[in-house]
Amino acid sequence: MTHHHTRSIAKDARILIQKAENDQVETVWDRHDAQQPHCGFCEMGLSCRICAMGPCRVDPFGEGPQLGVCGANGDIIVARNLCRMVAAGAASHSDHGRDLVEVLASVAESKASGYEIRDTEKLFRVAAEYGVETGDKEPLRVAAELAYAMQEDYGTRKKELTLTARAPEKRRDLWRKAGIMPRGIDRETAEAMHRTHMGVDSVWQSVLEHSLRNALSDGWGGSMIATEVSDILFGTPAPAATKVNAGVLKADSVNVVVHGHNPVVSEMILVACQDPEMTKLAEEKGAAGINLCGVCCTGNELLMRHGIPMAGNHLMTELIITTGAVDMMVVDYQCIMPSLSKVASCYHTKMISTSDKAHFPGVPHMEFHPENARDMAYEVVERAIDNFVNRGTVHIPVEPVDAVGGFSVEAVLGALCGSPGPLIDAISAGSIRGAVGIVGCNNPKIKQDHGHVTLARLLIENDILVVDTGCAAVATAKAGFKTAGAAADAGAGLRGVCESLGIPPVLHFGSCVDNVRILVLAAALANALEADISDLPLAAAAPEWYSEKAVAIGAYAVASGIYTVLGPMPPVTGSVKVVEMLTSGLEGAVGAVFAVEPDPEKAAVLIRRHIEKQRGKLGLDEIEGI
Ligand code: BF8
Ligand code: SF4
């Protein structure tokens, strides 16, 4: 059976799905098929295995049991399960942030050979936000104090996380009144696990409230720290040209692919790959050179800061190995399918895992720490070079597509002559109707990239600026939306703005932790207007989300006042009350709600209606009857 046309809209994926089938390599889609039908209780969030009196399940039709052994009803079970998804997502982003703070601290102590402070201006700016006296101090001294102050944000001694001060005053007041102001990054995640233990918080409303606080500790805490410290250590992104899709692999070169999320590893692999000595080694083995490519978010990190080409998003990670061209895949953590080593074993591809907290079956482990990362990176790249001679047949299915990445908030404001004013003017005049963040993953439940690309196309056609991150950003790049020329596909108003600035209508904002760049830009717009984020013509969408991190992101977007449309349904339909709270009740509490709409054409309509309604509330011209 051939599925290549139903499983993805991307040409490289379609060809490689067929190749995987021919090579008898099992992929994520085959395993997804084998799981059908998914458990209905779990899909609705109505199963609970939190304690050993269970597992329990509540019958959604009212015929079987309505209470777990402990007496929890469906509302409590659904809310607790959702809260635990937020906690896992917030923990993942925030622990990634912690790893960066630890590198910053090691750099300050001169114990991290090969790492340095690349953006001193940003170091001083963020340090000032943390109340670190900068004066005429040496950068390394400031770095040490900033790292210490950031570590305090992780703990329990604060009432409010430092970077929440970036949010508009009205938003912070609202968080305080609603009791969801995040206090400590680890604290909120630990409390989420505590509250959802059997016999603790047993009122579904307060469990949901804490879920929002936990999510905010990610968005305005752990993820924000991850992005800011990455910029300080590796440079704040600026627009740069790159190439995307499986065609970035090169038949004549040693292909090293980095996969995961933490730039601490991938940045050092980049250093080793760019060393002329290593190129010479590669040439001695008959290769034309070393070609470093990324997949998933660590790929986005390198793309944003160095224009490193991007081989694919989440559902491409198995498929690019089937090209037979990947000599080494280096992984750190998050979104790395445990199946990869099995796929790699069907070809000559070698893999290395690098994080003390992420081991994979059949994958040799070389643990990276700030002190040894440089040596480790050279060894990994040498192994990749040695593996070049073991290649079998290579099939690189497509030519790569051009894209521009690197739109940090600093870069966007720079393009606007330093202030959000021109963007606000364009929105007020209606040439740009509003802005939407398209974020998140691929999910085999949805035809790969169809949700991202269709939604982005419909929004830009209607003069809505799109900023995107994560696997969504890779999808729209592959579709060709990230070149200045793509402005021709936008409506007349957006097209004019993009052409005058020389920017694409869909701006690459980075990895998933970089969703905080969207928060920072939204806050800057709101502050310039002396408004709240929830007053602005903004929205977010996660058309193909799969991960717990995406649940945390969606929750902090809504809690920050941004209307958010999800593609796949989260496991909440077992509780009418929870669904009503998420899709309408939250409006009164935080000024924004969730919607769920798997069809991207309908999602575009929901988003356009919301943006026009927001424009009307601001007294701007409004298109009615969408
Ligand atoms: O953090 S978008 S599939 S790679 S979770 Fe994962 Fe989703 Fe991709 Fe990045 Ni984000
Ligand atoms: Fe069952 Fe309650 Fe235990 Fe959950 S916490 S498994 S509902 S007894």
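Taking 1 over the mean of 1/r across every pair of different Cα atoms in the range 408-617, what Kirkwood radius in Å do you get?
Over the range 408-617, the inverse of the mean reciprocal pair distance is 16.8 Å.
Kirkwood Rh over Cα pairs of the range 574-616 into Stokes-Einstein at 20 °C, 1.002 mPa s: D in µm²/s?
Here the translational diffusion coefficient equals 188 µm²/s.
Roughly to the nearest percent, how much of the accessible area of the range 246-390 is carbon and sulfur, given a 1.4 Å probe?
Here carbon and sulfur together make up 51 percent of the probe-accessible area.
With N set to the residue count of the chain, report its C-alpha Rg divided by 2.2 N^0.38 Å to two decimal places.
0.93
Straight-line reach from LYS285: which lysines have Cα under 24 Å away, leaving out those fewer than 8 places along the same chain?
LYS250, LYS350
From largest accessible area down, sort LYS177, LYS122; use a 1.4 Å probe on the protein chains.
Most to least solvent-accessible, the answer reads LYS177, LYS122.
Could you state the principal axis extents of the C-alpha atoms in the range 352-475, from the largest down, to the nearest angstrom?
Principal axes ranked by extent give 58, 37, 28 Å for the Cα atoms.
Can you give me the distance in nm between label points at ARG157 and MET193, each placed 7 Å from the Cα along the Cα-to-Cβ direction?
2.3
Stretched out fully, how many nm does the piece from ALA429 to GLU530 gain, at 0.36 nm a residue minus the Cα gap?
Extending this stretch completely gives an extra 34.5 nm.
Rg/Rh for the range 1-50 to two decimals, with Rh computed the Kirkwood way over all alpha-carbon pairs.
1.17
For the chain, what is the accessible area per residue in Å² when the probe is 1.4 Å?
On a per-residue basis, 36 Å².
Would you calculate, for the chain, the mean residue ellipticity at 222 nm contributed by helices, counting each DSSP H stretch of 4 or more residues as -39,500 (n - 2.57) and dividing by all residues, to the nearest 500?
One gets -14000 deg cm²/dmol as the mean residue ellipticity at 222 nm.
What's the Cα-based Rg to Rh of the range 94-166, Rh via Kirkwood?
0.95
If amide H atoms are built 1.01 Å from N in the plane of the peptide, which residues on other chains or at least 5 residues away come under 5 Å of the amide H of VAL596?
Placed amide hydrogens put LEU566 under 5 Å from VAL596.
Quick check: pseudo-label points 7 Å beyond the Cα along Cα→Cβ at HIS32 and HIS5, how many nm apart are they?
1.8
At a Förster radius of 35 Å, what calculated FRET efficiency corresponds to the Cβ-Cβ distance of VAL200 and SER584, to the nearest 0.05?
Computed FRET efficiency for VAL200 and SER584: 0.80.
What does the highest-first list of 515-522, 99-106 look like by mean Cβ count within 10 Å?
Highest mean packing first, the order is 515-522, 99-106.
Using amide H atoms built 1.01 Å from N in the peptide plane, name the residues 5+ places from VAL467, or on other chains, whose amide H lies under 5 Å from its own.
Those qualifying (amide H under 5 Å, at least 5 residues apart or on another chain) are VAL436, GLY437, ILE438, LEU507.
Kindly point out which whole DSSP H helices in the chain project their C-alpha atoms 24 angstrom or further along the helix axis while averaging a Kyte-Doolittle hydropathy of 0.0 or above.
Those that pass (Cα extent of 24 Å or more, hydropathy at least 0.0) are 74-108.
When the accessible area of the range 133-183 is split by element with a 1.4 Å probe, what percent falls to carbon and sulfur?
51
So how compact is the range 458-510: Cα radius of gyration and Dmax in angstrom?
Reported Rg and Dmax, both Å: 9.9, 28.
If we count every other residue with Cβ under 11 angstrom of PRO570's Cβ, Lys/Arg +1 and Asp/Glu -1, where does the sum land?
-2
For the range 408-617, which whole percent of the accessible surface, found with a 1.4 angstrom probe, sits on carbon and sulfur atoms?
57
With θ taken as phi - 60° and the coefficients 6.51, -1.76 and 1.60, list the Karplus ³J(HN,Hα) couplings across the range 340-357 in order, rounded to whole Hz; mark glycine and proline as x.
Per residue, the Karplus-derived 3J(HN,Hα) values read 4, 5, 5, 4, 4, 5, 7, 10, 8, 4, 9, 10, 9, 9, 10, 9, 4, 10 Hz.
Tell me, what is a quarter of the convex hull surface for the C-alpha atoms of the range 167-245, in nm² with one decimal?
Mean shadow area of the hull around the Cα atoms is 8.6 nm².
Fully extended, how many nm does the chain gain between ASP356 and GLN18 (0.36 nm per residue separation, minus their Cα-Cα distance)?
Result: 118.1 nm gained on full extension.
Calculated FRET efficiency, HIS369 and ILE623, Cβ-Cβ r, R0 51 Å, to nearest 0.05?
Working from the Cβ atoms, E equals 0.40.
Would you mind computing, in nm to one decimal, how far apart the modelled labels at GLU116 and ARG49 are, each placed 7 Å from Cα along Cα→Cβ?
Computed distance between label sites GLU116 and ARG49 equals 5.0 nm.
The values are calculated or read from the model by the stated rules, or taken from the named source; none is laboratory data. Note that this is a predicted model, so its numbers are computed, not measured. Cβ sites come from the backbone with ideal geometry, for glycine too, and all protein chains shown count toward neighbours. Surface areas here come from the heavy atoms of the whole protein model, side chains and all, with no ligands, DNA or RNA. Shrake-Rupley method; radii C 1.70, N 1.55, O 1.52, S 1.80 Å.
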